[in-house]
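Structure first, then comments.
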Amino acid sequence: MFKNIPISALIGLFFTGLYFFIAIFAPWLAPYGMAEAVGDVWEPASSKHWLGTDSIGRDLLSRMIYGGRTTIFIATAATILSFTLGSCLGLLAAVMGGWVDQAISRFVDLIMSIPSLIFALVVLSVMPVTIPVLIVVMGLLDSTRVYRLSRAVAVDINVMDYVEAATLRGEGKSWIIFREILPNALSPLVAEMGLRFIFAVLFVSTLSFLGLGVQPPGADWGGIVKENKDGIVYGIPAALVPAFAIATLAISVNLVADWVLNRTTSLKGGRG
Amino acid sequence: MSDPLLKVRGLKIGAAVYPPDAKPHKIKIVHGVDFELQKGKVLGLIGESGAGKSTIGLSALGYGRGGVELTGGEVWVNGRDILQGGIRDLRKLRGAEVTYVAQSAAASFNPAKKIMDQVVEASVSQGKFSRADAEAKARLLFDKLGLPDPDNIGSRYPHQVSGGQLQRCMTALALCPEPDLVVFDEPTTALDVTTQIDVLAAIKEAIRDTGVAALYITHDLAVVAQVSDDIMVLKMGNMVEYGPVDQIINNPQEEYTKALVSVRSINHEEKTPTQPILSAKNITARYKGTKFDVLHDVSVDISPGQTLAVVGESGSGKSTLARVITGLLPPKGGSTDFAGRTLTPDQPSRSREDLRELQMIYQMADVAMNPRQTVGTIIGRPLEFYFSMKGEEKRKRIAELLEEIEMGDGFIDRYPAELSGGQKQRVCIARALAAKPKLIICDEVTSALDPLVADGILKLLLDLQKREDVAYLFITHDLATVRAIADSIAVMYQGRVVRYGTKSEVLSPPFDDYTDLLLSSVPEMKLGWLENVIATRKMESAGN
């Protein structure tokens, strides 16, 4: 299946892979410790500090590597949580119909009617801001979007004759959800997962920038922007480095997601 | 002889294909076809799906549908080779000299614009007529095509007229600019038989009166025999036989043409009814949220090992009857006895044994199989589910079933997308058989298939009935199919059974008006059949 990958998807796959590799092996790759002050304030790039130093003299490259690890970990965990929860509920609602569907859908509408950033800010201002709490809050909020998508996809599949054939055979709900519907709904869901992952990266970065995400001295990309934003006034580009990292990660994941979506839609025989 | 209006020489057509796991590449779909058409004559193009008939038809407009490319040959219209000119020349040709009637009028009309606006559009934009003249012409055509209220029907929207009427509006659309050539692409295929005949008669008359030439594309030889002067038989992009209609129908030369002409000649001995295995009693049903009954007091019996055919046009309630029997739609009144016990009205409360003994085969085999499951899983699941078969035992039984449907066990690991239409339907039959049912409901199982393939499926079903002693409830709108396989027949019309009995009883006179209409509407492979029927029948179709 890897023979016919378009060049854009290859680039996307390469950079996504690279970011994840760096995130996983951060402690072995970073030249200095995460919170170690090793130089002067806002030193320019040099052979000792490839990206210079930050607002209190820590090595920016090391901060970036550790920050990427935190950001990507939180985003991945939140995406997995939102997908498991959202798609299970979405498929269930589509197959059950009736009051189950109504109850879940209206509850989701209720949550969605509140802008998610504001909702998150309110919740995080009363809860202790730790990484598990961040993941749960982000995952729960995002699962409403996933629910909408998976329900829409599953409702379409649920009226196919093969689902009716399974019903007439006497199959239970779990067979219908996991064996008949899920395999056919998987491709659009996986493509959506790529997009949702990027939203999660942006979301956690936003929260950190606003001071309600990852707490100092822990590093994450949004936090690094926040710490170094004052430098921009003096022409110091430290705050732009994490912004660049977020942008490239977003583009490369989207390239992969695009490719997955294309594969699904071109598989005409696949979804009938 | 004067110069022909349309002359096609060595036409070659290619298409780009994008298979999911190989590089996109080009294939040839038409391999050099020659024909010509004189003014005022009709040429029928006939073949099964994939024969390239629509593609050839569209080439007369210099057009190739998505990815299709006219790669070689010449298409002369009115003394010009239209493949040589640019898009400007083609634009002058399309909608003025050559027009097109699509298969599905319902999908081809713009639902947001009134019919008249769409009918006169080409004439006006091509500068052939002024708007007022074009409208006057359209009204004349509406009248000629037998549309009700020809002066006002143009101010309706497409959804406000019936399917048969819309197809005639589309014919008016094509004839309005006074073209020299009209391409009819399966104009009656999507219609009920009783509606088809009216549309067919209207088209034939319009062609005769306006003196226009036509290419008539269809897969139904009996239909094309009524309207054409010449017929060209196509198979896989090659010409098989080309000649006057009389010769093709009465004296075909090629094997393939002979097969097409003799299709549906299955002989089936009628069995006498015995103690019924299923009897539906006084079924009345309506859909949730609606205020009228779709089934009124329907009672039918099916004898073990025999076939009951339920016939009727779309909307007659025949598929609803199947939904009631399977329990997907609990009836408002009445009950169903099956194998000596009374079935519960709703499917979820039925026992596994009831579910197993009552299987169903669908019209569209494409969507009746999960595209992500292999043939082995599709057929194997009922074995696992009803008989708890596993491993080697299951695999052996699957191979046996594949053998029974005349496919080898090499298909066991294939996905539905890798099968042909006929093979897909066979796998669906195997899935139903796997449950060892006493009754199989067949819902229009052959209507989406090409005639020769459909024939194969019917023969298989009859064979299986003999071997497995299974009964069929066979829902269809096609009387030729009914003749081929039924033991008893129920004719349905607007939710009621209007005629019911053994095949010989139902198909012998005296007929009630509806059965007469239905029987006489089935196109026969005889010249002059259409005129005869129109002259002698008693009742207008419901589509009017």
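Please treat every number below as a calculation from the coordinates, not as lab data. For clarity, every value in this text was computed on a predicted model and none was experimentally measured. Using ideal geometry, Cβ is built from the backbone for each residue, glycine included, and neighbour counts are taken over all protein chains shown.
According to the square roots a ≥ b ≥ c of the eigenvalues of the Cα gyration tensor, what is the shape class of region B:248-325, taking rounded for a/c under 1.5, prolate for a/b larger than b/c otherwise, and oblate for the remainder? Oblate, since a/c reaches 1.5 and b/c is not below a/b. The chymotrypsin sites (Phe, Trp or Tyr not before Pro) found in region B:284-374 that occupy coil by DSSP, while having at most 15 further C-beta atoms within 10 Å, are B:Tyr287, B:Phe292. The alpha carbons of the protein assembly as shown stretch over 104, 73, 52 Å along the principal axes, in descending order. The calculated pair-distance distribution of region B:6-261 uses every alpha carbon pair, bins of 10 angstrom beginning at 0, and gives 7, 30, 35, 21, 6, 0 percent. Using a simple spin-label model with pseudo-atoms 7 Å out from Cα toward Cβ, B:Leu140 and A:Gln215 lie 8.9 nm apart.
Once you charge only the Cβ atoms, +1 for Lys and Arg and -1 for Asp and Glu, what is the size of the charge dipole of region B:380-525 about its Cα centre, to the nearest 20 debye?
Values: 19 positive and 24 negative charges, 116 e Å.
Value, rounded to 20: 560 debye.
Counting Cβ atoms of other protein chains within 10 Å of each residue's Cβ and taking the mean over peptide A:178-186 gives 2. In this simple spin-label approximation, B:Ser447 and A:Val136 carry label points 7 Å from Cα along the Cα→Cβ vector, and these lie 5.6 nm apart. Within region B:49-147, the trypsin sites (Lys or Arg not before Pro) that combine a DSSP coil assignment with at most 10 other C-beta atoms in a 10 angstrom radius are B:Arg65.
Region B:23-58 and region B:344-370 have Cα centres lying 41 Å from one another. Computed from phi, the 3J(HN,Hα) profile of region B:5-14 under the Karplus parametrisation 6.51, -1.76, 1.60 (θ = phi - 60°) reads 5, 10, 10, 10, 10, x, 5, 10, 10, x Hz, with x in place of Gly and Pro. Estimated translational diffusion coefficient (Stokes-Einstein, Kirkwood radius over Cα pairs, 37 °C, 0.692 mPa s) of region A:193-252: 279 µm² per second. Applying a threshold of 32 Å to the alpha-carbon distances of B:Lys41/B:Lys92; B:Lys53/B:Lys466; B:Lys235/B:Lys318; B:Lys28/B:Lys144; B:Lys113/B:Lys318 flags B:Lys53/B:Lys466; B:Lys235/B:Lys318; B:Lys28/B:Lys144; B:Lys113/B:Lys318 as lying beyond it.
Here the spin labels are modelled as points 7 Å beyond Cα on the Cα-Cβ line, and at B:Gln253 and A:Ile56 they lie 9.6 nm apart. Taking chain A as a Gaussian network of alpha-carbon nodes connected by springs under 10 Å, the highest mean-square fluctuation of the residues A:Phe14, A:Phe83, A:Phe199 belongs to A:Phe14. Panel order for B:Val42, A:Val155, by other beta carbons found within 10 Å of each beta carbon, from fewest to most: A:Val155, B:Val42.
Build a GNM of chain A with springs between Cα atoms under 10 Å apart, and of A:Asp161, A:Asp101, A:Asp258 the one that fluctuates most is A:Asp161. Legend: P(r) of region B:157-249 from all alpha carbon pair distances, 5 Å bins from 0, whole percents, reading 3, 12, 24, 23, 19, 13, 5, 2, 1.
Counting each DSSP H run of 4 or more residues in the protein assembly as shown as -39500 (n - 2.57), what helix-only mean residue ellipticity at 222 nm follows after dividing by all residues, to the nearest 500 deg cm²/dmol? Don't jump to the answer; show the numbers that get you there.
Details: 32 runs with 389 residues, N = 816.
Calculated mean residue ellipticity at 222 nm is -15000 deg cm²/dmol.
Classify chain A: rounded, prolate or oblate, from the alpha-carbon gyration tensor (a ≥ b ≥ c, eigenvalue square roots; a/c under 1.5 rounded; otherwise prolate if a/b is larger than b/c)? Prolate. Measuring between their Cα centroids, region B:135-185 and region B:222-272 lie 31 Å from each other. Specify the residue with the greatest mean-square fluctuation among A:Gly67, A:Gly139, A:Gly211, computed from a Gaussian network of chain A linking alpha-carbon atoms under 10 Å apart. Greatest mean-square fluctuation among the candidates belongs to A:Gly211.
Taking chymotrypsin sites (Phe, Trp or Tyr not before Pro) across region B:421-528, none is in a DSSP loop with at most 13 further Cβ atoms lying within 10 angstrom of its Cβ.
Remark: region B:482-499, residue by residue, has Karplus-estimated 3J(HN,Hα) of 4, 4, 6, 10, 7, 9, 10, 9, 10, 9, 10, 8, 6, x, 10, 7, 8, 7 Hz, where x stands for each Gly or Pro and the curve is 6.51 cos²θ - 1.76 cosθ + 1.60 at θ = phi - 60°. With a Förster radius of 35 Å applied to the beta-carbon distance between A:Val190 and A:Lys48, the computed FRET efficiency rounds to 0.25. On a 24 Å Cα-Cα criterion, which of the cross-link pairs B:Lys438/B:Lys503; B:Lys438/B:Lys459; B:Lys396/B:Lys438; A:Lys173/B:Lys332; B:Lys396/B:Lys436; A:Lys173/B:Lys281 come out too long? Cα-Cα > 24 Å for A:Lys173/B:Lys332; A:Lys173/B:Lys281; rest within.
Can you run the Rg to Rh ratio on chain B? Use alpha carbon positions and the Kirkwood inverse-distance Rh.
Working: Rg = 25.2 Å, Rh = 25.4 Å.
Looking at chain B, the ratio lands at 0.99.
Counting only residues at least eight positions apart within a chain, or on another chain, the aspartates and glutamates with an alpha carbon under 14 Å from that of B:Lys526 are B:Asp220, B:Asp229, B:Asp246.
Using Cβ point charges alone (K and R +1, D and E -1), the dipole size of the protein assembly as shown about the Cα centre works out to roughly 1420 debye.
Under the rule a/c < 1.5 gives rounded, and otherwise a/b versus b/c splits prolate from oblate, where does region B:278-508 land using the Cα gyration tensor? Could the numbers behind the result be given before it?
Details: a/c = 1.81, a/b = 1.45, b/c = 1.25.
Taking the square roots of the gyration eigenvalues as a ≥ b ≥ c, region B:278-508 is prolate.
Annotation: amide H of B:Ala309 within the under-5 Å range of B:Phe474, B:Asp487, B:Ser488, B:Ile489, B:Ala490, sequence separation 5 or more or interchain, hydrogens built in the peptide plane. Across region B:376-393, coupling constants 3J(HN,Hα) worked out from phi with the 6.51/-1.76/1.60 Karplus curve, θ = phi - 60°, read x, 5, 4, 7, x, 4, x, 4, 5, 6, 8, 10, 6, 6, 9, x, 4, 4 Hz, and Gly and Pro carry x. Close amide H contacts of A:Tyr32 (hydrogens built in the peptide plane, cut-off under 5 Å, sequence separation of 5 or more or a different chain): A:Ser62. Region A:111-138 and region A:1-64 have Cα centres spaced 28 Å apart.
For region B:133-197, a crude dipole built from +1 on the beta carbon of Lys and Arg and -1 on the beta carbon of Asp and Glu, taken about the Cα centre, is about 160 debye to the nearest 20.
Gyration tensor analysis over the Cα atoms of region A:139-206 returns equivalent ellipsoid semi-axes of 30, 10, 9 Å (largest first, whole Å).
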